[in-house]
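First up is the structure itself, then whatever we jot down about it.
The values are calculated or read from the model by the stated rules, or taken from the named source; none is laboratory data. Being a predicted model, the structure only gives us computed values, none of them experimental. For neighbour counting, all protein chains shown are included, and Cβ atoms are generated from backbone atoms with ideal geometry for every residue, glycine included.
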Amino acid sequence: AHQPADKTVDSVCPYCGVGCQLTYHVKGNTILRVEGRKGPANEGRLCVKGRYGFDYVHHEQRLTQPLVRREGVTKNPVDLLDPEQVNSAFRPATWDEALALIAGRFKQIKSTHGGHALAGFGSAKCSNEEAYLFQKLVRTGFGTNNVDHCTRLCHASSVAALLEGIGSGAVSNPVMDVNQAEVIFVIGANPTVNHPVGATWIKNAVKNGAKLIVADPRRSDLARHATHFLQFKADSDVALLNALLHVIIEEKLIDREFIEQRTEGFDDLKANVSACTPEAMSSICGISPAELRAVARLYATSSASIILWGMGISQHTHGTDNARCLISLALITGQIGRPGTGLHPLRGQNNVQGASDAGLIPMMYPDYQQVCNPEAQQRFEALWNTPLSNTPGLTVVETMQAILAGTVKGMYILGENPAMSDPDLNHARKALAALDFLVVQDIFLTETASLADVVLPASAFPEKTGTFTNTDRLVQLGQQAIHPPGQARQDLWIIQSIAQGLGLDWQYNSLEEVFDEMRRAMHSIEGITWQRLQGEHALVYPCAHEGDIGQAVVFTEHFPTPNGKARLVPARYRKAAETPDSEFPFVLITGRQLEHWHTGSMTRRASVLDAIEPEPTALLHPEDLKALNIEAGNTIRLQSRRGEIQLFARADTGTPPGHVFVPFCYAEAAINKLTHAALDPDGKIPEFKYCAIAVHKK
Ligand code: SF4
């Protein structure tokens, strides 16, 4: 029987971008259990993470007081500190001491080297209000646009293509629109694992008659429900998609009226794909010409086709090109701007959409206003009453390079764990350790925090109130259920205290004040008031005025581009930055697994989730295991040109022969030591989905 709770508090799941609403059942300061709540995105459903991944908040390793690195203790980027060893490198400090030290060191770096010698990484785990204040602090307090977050590692390339093509980086239709689609096209995504409740809506739609196309180098659970499953060769996305575009144009399955009235660039696109016949592309992508034709016809001729994609599309050096092709597919067939159609890049973190909207990106102010646009610069200078730099800042990987080049010397990292999530980790950790001064604000002594000079104990999701924007552009209110432990503080208070230490005259007395300022900065959410959020809990943007219910489906009449038309941008097939050879013959694909979340700092400390998946594993096809004389369960060694790790082998028929899939959540086998830091030229996203490795039996 359930232990009775003192109270229940309605909030939002802290994990994926689906944004399930939930209810915490609380006794004293302890969360007893979590139940699904009837939210627009989940209708009461929760996956295993949402339901059981909450007791990390009560974990004994929670940070409960500010920590300052002990004098003379050097930062070791090779053997990172175990959280249990915290006292060997850090000593406790008061908030006053920690904040004074931070203010002094940041000011010193700024006065000696200039504001561009400082940088900040915020987090998609932050609320919108925290993300907004964090980027404002970096731009106005540090005096630089060097501010970024994990969107750079997630959908930066999708956003680059969407902004270029249709003038908006967000989704056109909510996930729930699969219920109104005749055809659902899921590519480079594994929603059963990464957006589990969203996957249930896709499966329901298929049960109700929708046709499902799944395209992925790995066969996922969703493929069982597919009308067509295209297991294309990893890295050949553009070849596959150009073949579909070719068939649609060649067979005149295009929507000519839509193309003429609402797009530009069709002739260039047509010329670009004229040679991309299914026969020519088949040898590159591995899908038969007949199957390519069948899928192109199915997608183009349905009454409503929707495309959903994930990081299999975005995390490539040609990620922007991949997304350009998907945008072209929707535009030339007129499959956008109506219910059941459109483009939906499935967002990873629960607030990666909101953090990006709030300006946690180096080239844009809130609401995607370019920092190099003089009008936008003036607008924000007036709003924030401070001169601003018009130089786009450094992205995540560029920041690491700048540290090692000696141009970035101080950093403030809030809730992000680049010592686990960045590509080529040995290089990234070396960079973090090389900083003159690093402040990390988090709830645990993460791998990144172990390289800090000052560690600030922050609040976990259930310990604070704030808004979070899900993958559907739905702004939802998360509410505080319990108090932070010890001297851990609200993140908003910490950000404001650091800003005040830097001399900024910030006096936000409530979340509502921050949210009101965001509404003044961001047209998209003008109609969403704090009062409405408290009453309705979820409101979709764009929302123009207080009586507006918001627009779940956008681009119904025009695109938010200067002339209202979308732009078709051709893409040519090109190979990954590093391809297999005789020394490193396997392709490494990294990603997530159902039970663990990103770098594992929360879910690996959630008892149920850790009990289900306690050990790092690499997934290989049984044929490869046999050829290497490896049994499932054996310890193996994976090696690339950049590093090596050891972990357990697991047999997986869904992973194609010649490929290895590894989740990136295990610190003891940090797969990003092997990944390649090559970047997509437009989105600046690293190629997490493809590099060359060797597999050895230990
Ligand atoms: Fe949380 Fe995503 Fe699972 Fe919903 S589907 S419970 S938002 S992790």
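Report, by residue number, each residue of region 198-214 that is in contact (Cβ under 8 Å) with a residue 60 or more places away in the chain and of a type outside the set (V, I, T).
Of everything in region 198-214, those that are in contact (Cβ under 8 Å) with a residue 60 or more places away in the chain and of a type outside the set (V, I, T) turn out to be G198, K211.
So for region 319-332 (the condition being of a type outside the set (A, V, I, L, M) and surrounded by fewer than 19 Cβ atoms within 10 Å (Cβ to Cβ)), does at least one residue qualify?
Looking through region 319-332, none of the residues is of a type outside the set (A, V, I, L, M) and surrounded by fewer than 19 Cβ atoms within 10 Å (Cβ to Cβ).
Identify, please: which residue in region 1-30 is of a type in the set (A, V, I, L, M) and surrounded by fewer than 19 Cβ atoms within 10 Å (Cβ to Cβ) and is, among those, nearest to the ligand (Cβ to nearest atom)?
This residue is V9.
Identify all residues within region 175-195 that are within 16 Å of the ligand (Cβ to nearest atom) and surrounded by 23 or more Cβ atoms within 10 Å (Cβ to Cβ); write none if there are none.
Of everything in region 175-195, those that are within 16 Å of the ligand (Cβ to nearest atom) and surrounded by 23 or more Cβ atoms within 10 Å (Cβ to Cβ) turn out to be V175, V178, V186, A189, N190, P191, N194, H195.
Evaluate the following for D436: is it under 20 Å from the mean Cα position of the chain (by Cα) and charged (D, E, K, R)?
It is false that D436 is under 20 Å from the mean Cα position of the chain (by Cα) and charged (D, E, K, R).
For K689, state whether it is surrounded by fewer than 22 Cβ atoms within 10 Å (Cβ to Cβ) and either farther than 15 Å from M311 by Cβ or under 18 Å from the mean Cα position of the chain (by Cα) (or both).
no
Which of the residues spanning region 45-90 are within 16 Å of the ligand (Cβ to nearest atom) and small (G, A, S)?
Correct list: G50, G53.
Tally time: how many residues in region 171-216 are assigned to a helix (DSSP H, G or I), among the aliphatic types (A, V, I, L, M) and either under 17 Å from H228 (Cα atoms) or touching an Asp or Glu at 6+ places or on another chain (Cβ under 8 Å) (or both)?
8
Residues are listed down the side, and each one gets a yes or a no for (1) of a type in the set (K, R); (2) outside any helix (DSSP H, G or I); (3) within 30 Å of G198 (Cα to Cα):
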| position | (1), (2), (3) |
| --- | --- |
| Q261 | no, no, no |
| S283 | no, no, no |
| Y299 | no, no, yes |
| S303 | no, yes, yes |
| Q335 | no, yes, yes |
| P339 | no, yes, yes |
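Looking at E644, E595, E583, can you tell me which residue is closer than 20 Å to V193 by Cβ and among the acidic types (D, E)?
One residue alone meets the criteria, E595.
To keep it simple, each residue is scored yes or no on (1) at pLDDT 95 or above; (2) assigned to a loop (DSSP other than H, G, I, E, B); (3) within 21 Å of I671 (Cβ to Cβ); (4) touching a Ser or Thr at 6+ places or on another chain (Cβ under 7 Å).
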| site | (1), (2), (3), (4) |
| --- | --- |
| E398 | no, no, no, no |
| T407 | yes, yes, no, no |
| A419 | yes, no, yes, yes |
| K430 | yes, no, yes, no |
| A433 | yes, no, yes, no |
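Taking the stated definitions as given, is N351 more than 26 Å from I494 (Cβ to Cβ), of a type outside the set (V, I, T) and in contact (Cβ under 8 Å) with a residue 60 or more places away in the chain?
Here the answer is no, as N351 does not meet what is asked.
Scanning region 625-680 for residues that are free of Cβ contacts under 8 Å to residues at least 24 places away in the same chain and among the small types (G, A, S), which turns out farthest from G600 (Cα to Cα)?
A627
Counting residues that are in contact with a Lys or Arg (Cβ under 9 Å, 6 or more places away or on another chain) and of a type in the set (S, T, N, Q), which strands (runs of 3 or more DSSP E) fully inside region 615-696 reach at least 1?
Passing ranges, in order: 617-620, 635-639, 644-651.
Look through region 204-237, keep the residues that are within 16 Å of the ligand (Cβ to nearest atom) and surrounded by fewer than 20 Cβ atoms within 10 Å (Cβ to Cβ), and return whichever of them is modelled with the highest pLDDT.
Residue satisfying both the conditions and the ranking: N204.
Looking only at region 475-487, decide whether some residue is among the polar types (S, T, N, Q) and within 21 Å of the chain's Cα centre (by Cα).
The answer is yes; a qualifying residue exists.
Which residue out of R51, R91 is out of contact with any Ser or Thr (no Cβ under 6 Å at 6 or more places or on another chain) and under 23 Å from F468 (Cα atoms)?
Among R51, R91, only R51 is out of contact with any Ser or Thr (no Cβ under 6 Å at 6 or more places or on another chain) and under 23 Å from F468 (Cα atoms).
Exactly one condition in (1) over 26 Å from A678 (Cβ atoms); (2) in contact with an Asp or Glu (Cβ under 8 Å, 6 or more places away or on another chain); (3) of a type in the set (A, V, I, L, M) is false for L638; which is it?
Single failed check for L638: (1).
Suppose the filter is exposed (fewer than 15 other Cβ atoms within 10 Å of the Cβ), among the acidic types (D, E) and in contact with a Leu (Cβ under 9 Å, 6 or more places away or on another chain); does E595 pass it?
Spelling it out, it is not the case that E595 is exposed (fewer than 15 other Cβ atoms within 10 Å of the Cβ), among the acidic types (D, E) and in contact with a Leu (Cβ under 9 Å, 6 or more places away or on another chain).
For the condition surrounded by 19 or more Cβ atoms within 10 Å (Cβ to Cβ), in contact with a strand residue (DSSP E or B) (Cβ under 9 Å, 6 or more places away or on another chain) and in a helix (DSSP H, G or I), what is the one hit in L245, L292?
Result: L292 is the single residue among L245, L292 that is surrounded by 19 or more Cβ atoms within 10 Å (Cβ to Cβ), in contact with a strand residue (DSSP E or B) (Cβ under 9 Å, 6 or more places away or on another chain) and in a helix (DSSP H, G or I).
Only residues that are surrounded by fewer than 24 Cβ atoms within 10 Å (Cβ to Cβ) and touching a Lys or Arg at 6+ places or on another chain (Cβ under 6 Å): list them for region 437-473, please.
Those that are surrounded by fewer than 24 Cβ atoms within 10 Å (Cβ to Cβ) and touching a Lys or Arg at 6+ places or on another chain (Cβ under 6 Å): F437, D453.
For A382, all conditions in the list (1) of a type in the set (G, A, S); (2) touching a Leu at 6+ places or on another chain (Cβ under 7 Å); (3) surrounded by fewer than 24 Cβ atoms within 10 Å (Cβ to Cβ) hold save one; what is the number of the exception?
Tallying (1) of a type in the set (G, A, S); (2) touching a Leu at 6+ places or on another chain (Cβ under 7 Å); (3) surrounded by fewer than 24 Cβ atoms within 10 Å (Cβ to Cβ), A382 fails exactly one: (2).
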